[in-house]
Amino acid sequence: MAPKAAPHWKIRIKQGTPRGGLNELEQTNFHQLVDLQTGEVRRTWTENYEASLATDGSGWTDVVHTGIKSVELSEDGASVIVTLHDGPVAHLAIADL
């Protein structure tokens, strides 16, 4: 049996800096497809998060997620599986990105 090839790609998630007023939270996170051999970012998808602090102090309310929910590599490492917060899923060949 031949040894398994080293992975060529990885998904890196970079969390943006939280911002907003005293009772608000806004944050953009970046899901990046990274070439492990060159360190190059091949593609970036964004995820946005917004929330307001409840007036009774019980935590965050009116939470809204938009954009990408997750980006995962396929088992064979040749494509990515992109899931949006509103449900649709796309399988994208890395060669086409």
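Quick note: the coordinates plus some simple rules give every number you see, no bench work behind them. Model, not experiment: these values are computed from the prediction. Cβ: placed from backbone, ideal geometry, glycine included. Neighbour counts: every protein chain shown.
Taking amide hydrogens as placed 1.01 Å from N in the peptide plane, the amide H of Glu24 sits under 5 Å from those of Leu53, each at least 5 positions away in sequence or on another chain. Note on the chain: dipole from Cβ charges, positive end direction compared against Val71, Gly59, Pro18; the farthest Cα belongs to Val71.
Between Ile13 and Thr66, the modelled label-to-label distance comes to 2.0 nm, taking each label 7 Å out from Cα in the direction of the beta carbon. Summing Cβ point charges (Lys, Arg +1; Asp, Glu -1) relative to the Cα centre of the chain gives a dipole of roughly 420 debye.
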